[in-house]
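The structure appears right after this line, and notes come after that.
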Amino acid sequence: MTAVDDRLSADLVLELEPVAARELERHMATAKEWFPHQYVPWSQGTDYDGEYDGQGWADEQSPIDAVARTALVVNLLTEDNLPSYHRALSDVVGRDSAWGEWVHRWTAEEGRHGTAMRDYLTVTRSVDPIALERERMDHMGRGFSSNAERNILTTMYYVSFQELATRISHRNTGRHTSDPGCDRLLARIAADENLHMLFYRNVMAAAFDLNPDASMEAVLEIAENFAMPGNEVEGFTRRSFTIAMAGIYDLRIHHDEVLAPVLRAWNVWDRTDFGPAGEAAREKLSEFLVGLDATAARFEDKRAARAERAAAK
Ligand SMILES: [Fe+2]
Ligand SMILES: [Fe+2]
């Protein structure tokens with residue numbers, strides 16, 4: 001491995017700053033202002049038990065099926081853990097210059113997602129608000145940890161993939177709810193996630209050109225160890241399985257719609273600027289993706305067989 005030491009990381013932060021500035025400017029010109037309160041059907045709201053002595057939440061009040069609820073809760077808890085992500089980013093790029101401006105802006109936009117989703121789910125009684133609050137406390141208490149070593153390359157390559165993964169997860173969750181209001185809200189949030197992905201992906205395309213070998217090694221490390229940001233949520237493995245069985249987010253999507261297009265955007269397969277370390281990492285990545293594709297296919301087969309058995313019953 002080409003170690004990305006503190007010095008290289010600091011140099012890259014400086015070298016990439018003009019690119020971050022340009023991408024921030026593009027982002028600000030493209031991003032649309034929107035307001036969480038306009039996405040929430042307040043007239044559906046009624047008092048809860050407690051201070052207002054209303055009706056406590058009960059399962060049958062939820063207009064949304066259990067699978068979509070699982071995805072909604074995991075996605076919202078993921079958004080809630082924002083302070084830890086803010087720290088993970090600001091630790092590597094600092095809080096000055098265009099980098100700092102971006103990190104603050106990004107944080108503010110992500111904060112809007114959690115606000116909007118929580119208001120929507122609470123007013124419509126879609127999920128248990130007490131369980132949700134307890135889980136938020138638990139999840140935030142665990143912070144956020146990444147399997148990868150923390151430096152600008154691993155962190156920023158990770159978020160490039162993660163923003164796209166989150167976009168797709170929100171979008172598919174919205175569709176799965178069969179609730180037009182919830183679908184509209186999640187489509188709105190997904191549009192933000194797409195712009196976030198573009199920022200990171202474009203900045204990191206420049207990082208690839210500046211430092212191809214270290215970039216390729218970092219991308220390999222991230223691809224091999226990728227875990228969704230909400231992986232610290234209690235019961236994440238079980239819940240991810242539910243989400244994958246519903247086709248909201250599974251290995252096929254991860255391989256075809258997240259890893260493949262972002263890697264193509266960095267021209268990973270056709271680059272001619274690698275040294276031996278970059279070549280070796282690209283080779284390993286290619287092998288890894290073949291394995292992932294096969295695992296995804298096996299999962300799809302199992303899921304189809306299970307659906308057939310269920311239909312036959
Ligand atoms: Fe978000
Ligand atoms: Fe995002």
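Would you look at the GNM of the chain, springs on alpha carbons closer than 10 Å, and say which of Gly278, Gly141, Gly100 moves the most?
Ranking Gly278, Gly141, Gly100 by mean-square fluctuation puts Gly141 first.
With N set to the number of residues, divide the alpha-carbon radius of gyration of the chain by 2.2 N^0.38 Å and report two decimals.
1.05
Regarding the range 157-313, what whole-number volume in Å³ per residue does the convex hull of its Cα atoms give?
Expressed per residue, the convex hull around the Cα atoms of the range 157-313 is 114 Å³.
Kindly write out, for the range 126-135 in residue order, the coupling ³J(HN,Hα) from the Karplus curve 6.51 cos²θ - 1.76 cosθ + 1.60 (θ = phi - 60°), rounded to whole Hz, with x marking Gly and Pro.
6, 9, 5, x, 6, 4, 4, 5, 5, 5
What length, rounded to one decimal in nm, is gained on full extension from Asp96 through to Asp6, with 0.36 nm per residue of separation minus their alpha-carbon distance?
Gain on stretching Asp96 to Asp6: 30.6 nm.
So which chymotrypsin sites (Phe, Trp or Tyr not before Pro) in the range 1-83 pass both tests, a DSSP loop state and at most 11 other Cβ atoms within 10 Å of the Cβ?
For chymotrypsin sites (Phe, Trp or Tyr not before Pro) across the range 1-83 that sit outside H, G, I, E and B with at most 11 neighbouring Cβ atoms in 10 Å, the list reads Tyr52.
For the range 240-249, just list the computed ³J(HN,Hα) in residue order, Karplus coefficients 6.51, -1.76 and 1.60, θ = phi - 60°, integers in Hz, with x standing in for Gly and Pro.
Values per residue, Gly and Pro as x: 4, 5, 4, 5, 6, 4, 7, x, 6, 8 Hz.
Calculated FRET efficiency, Asp301 and Glu257, Cβ-Cβ r, R0 22 Å, to nearest 0.05?
Plugging the Cβ-Cβ distance into 1/(1 + (r/R0)^6) gives 0.70.
In whole Hz, with x marking every Gly and Pro, tabulate ³J(HN,Hα) for the range 171-185 from phi via Karplus 6.51 cos²θ - 1.76 cosθ + 1.60, θ = phi - 60°.
For the range 171-185, the Karplus curve yields 4, 6, 5, x, 4, 5, 5, 6, 10, x, x, 5, 4, 5, 4 Hz.
Please list, in chain and number order, the residues 5+ apart from Tyr249 or on another chain whose amide H is under 5 Å from its amide H, with Hs placed from the backbone.
Result for Tyr249 returns Ala244.
Can you tell which of Ser286, Ser169, Ser215 shows the greatest fluctuation in a Gaussian network model of the chain with Cα springs below 10 Å?
Answer for the Gaussian network model of the chain: Ser286.
Every number in this text was worked out from the coordinates using simple rules, so none of it is lab data. These numbers were taken from a predicted model, which means no experiment stands behind them. Heads up, the Cβs are rebuilt from the backbone with ideal geometry, glycines too, and the neighbour counts pull from every protein chain shown.
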